[in-house]
Every structure is written in C-alpha cells, then in structure tokens.
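Note sheet for the following structure.
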Amino acid sequence: MMTRKVLVLEDEENIRSFVVINLKRAGYEVVQAGSGEQALEKFHENPDVAVCILDVMLPGIDGYEVCRTLRGEGYEGGIIMLTARTQESDKVTGLMTGADDYVTKPFSPSELAARVDAICRRISAGNDAPSDILKSGPFTLSLLSRTLTKNGKIIDLTQVEFQLMELFMSNAETALERKQILVRIWGESYNGDDKIVDVNIRRLRMKIEDEPSNPAHLQTV
Ligand code: CA
C-alpha cells in the first residue's frame, strides 16, 4: 500500500497552512516544515513521504538545496517545487536539481492537489508494475508463462516445484525455514509430514543443479 504522506516546506505560515489544510482535505497525511533545515529533519523522521512540496525562497538553505540533498540521499519519491517567480530559469533549475514538477505562486489548492495526485499515481504505477520475470544466476523464471530456463534452456517443473523456485528466487540469499516453506507452498492448514518439503527440494535439485548431491544454487543451511 502506497503512503499518502506529503511533506510541505514553506516558510510563510499562511501559505503553508493553506496548503496543509487543502492537502489534508484531499486525503493526505501532511508533515510540515518552516525551513529547509527543518524539512530535512522531518524527512529523516518520515522517510516514507510520497511527495515533498518545497518552496524555493527560504531564509536558510533554499528549496533547491533541499531537493538536491534529498535526491543525493537516494530519495525516489515525488518532489514539487513551489516557485514565486515565473522565469524559465527557475523551472529549469528546479528540474535540474531533481524535482519532478513545479507550481508557480499564486496557485489554487485544487491545482496543487492535482499535481500531488498525478505524482502519486505515477509512483504507484511504477511500484505496482508487475515484475513477471525473476532472474538469479543462470535462471530466469517467467511468472507469466510459468516457465523456468537455465542458461536459456527450459526446465520442466511441476506446479509445486515452480512455486518453490519462485519462492527461492524472490528470497535470494535468504535462508528459509522448512516450516516457512511449508506454509507458503502448502498452506497454513497443511498438516502432513514436513518431509514433503525435503522431497520436493531434492527433486527440484535433480532438475536444476549440475551436481544435485553438491548443490550450487539451492543450498541447505
Ligand atoms: Ca518562501
């Protein structure tokens, strides 16, 4: 589930509260800051903000600097600059520092909310894009065609083996307990022998490992 949290950085209190009220009305959770320094602080406390709205003109570090810092720290959410001026150079500076969009003052609350909505939709579309291909070493698993290939050659798998492979490939480098595997593949209510896990893994190894008795891919910890 995507967060609906927005950080609003604006030093002018009446503009800030106007923005905050309207975003709250639009269903967003809002974190607010009155200076760039405070915005970075608030951001570190709320790294899950989906969108940051940054005023450019501020008494301390300016909005561009905040934007640059956020991107420098690897922030991948949306950034909208609030600019008082309409010069083309400001828009360019904003976009160069890593902003996604800018809104020129004065703006209507519905306009700003619409921009925030648009960015949130874009972010969530990116996150929800089905990753139907899993790759790991020589293996490629296609969830769409439900096939596994090793170095390009198809390996025939049963449904259970496929599910096991999917589980392992989406948890690469992670040790999974037998019990966890059992619950994930056979379900919570399965009350048979958990040896079924071992048997299926042994069979899967026969199919995917060069040396099943000395597995290079599916290892037991
Ligand atoms: Ca300002």
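A few notes on this one:
- Tally of residues being open to solvent by less than 40 Å² (accessible area, probe 1.4 Å), within 20 Å of the chain's Cα centre (by Cα) and either at pLDDT 85 or above or hydrophobic (A, V, I, L, M, F, W, C) (or both) across the range 73-100: 6
- The listed residue being of a type in the set (Lys, Arg), at pLDDT 75 or above, open to solvent by 30 Å² or more (accessible area, probe 1.4 Å) and closer than 30 Å to Asp210 by Cβ, out of Lys105, Lys135: Lys135
- Test: residue in the range 140-157 that is buried (at least 17 other Cβ atoms within 10 Å of the Cβ) and in a loop (DSSP other than H, G, I, E, B): yes
- Filter result (of a type in the set (Val, Ile, Thr) and near the ligand (Cβ under 8 Å from one of its atoms)) within the range 50-66: Val56
- A Cβ distance below 9 Å, combined with a sequence gap of six or more or placement on separate chains, defines the contacts here; from the range 194-215, residues that are within 18 Å of Lys153 (Cα to Cα) reach residues that are of a type in the set (Val, Ile, Thr) and at pLDDT 90 or above in the pairs Lys207/Ile155; Ile208/Ile155.
- Residue within the range 37-49 that is out of contact with any strand residue (DSSP E or B) (no Cβ under 7 Å at 6 or more places or on another chain) and within 16 Å of the ligand (Cβ to nearest atom) present: yes
- When the range 7-23 is filtered for residues that are away from the ligand (no atom under 13 Å from the Cβ), in contact with a strand residue (DSSP E or B) (Cβ under 6 Å, 6 or more places away or on another chain) and part of a helix (DSSP H, G or I), the ones remaining, listed by number, are Val20, Leu23.
- Residues satisfying the stated conditions in the range 170-207, i.e. open to solvent by less than 20 Å² (accessible area, probe 1.4 Å) and either within 21 Å of Ser142 (Cα to Cα) or charged (D, E, K, R) (or both): Ile181, Asn200, Leu204
- The numbered conditions (1) open to solvent by less than 50 Å² (accessible area, probe 1.4 Å); (2) within 25 Å of the chain's Cα centre (by Cα); (3) modelled with pLDDT of 85 or more; (4) closer than 29 Å to Arg16 by Cβ are all true for Arg115 except (1).
The values are calculated or read from the model by the stated rules, or taken from the named source; none is laboratory data. If you're wondering where the values come from, they're calculated on a predicted model, not measured in any experiment. Please note: Cβ atoms are built from the backbone with ideal geometry, for glycine as well, and neighbour counts cover all protein chains shown. Only protein heavy atoms, including side chains, enter the accessible area calculation; ligands, DNA and RNA are left aside. Shrake-Rupley method; radii C 1.70, N 1.55, O 1.52, S 1.80 Å.
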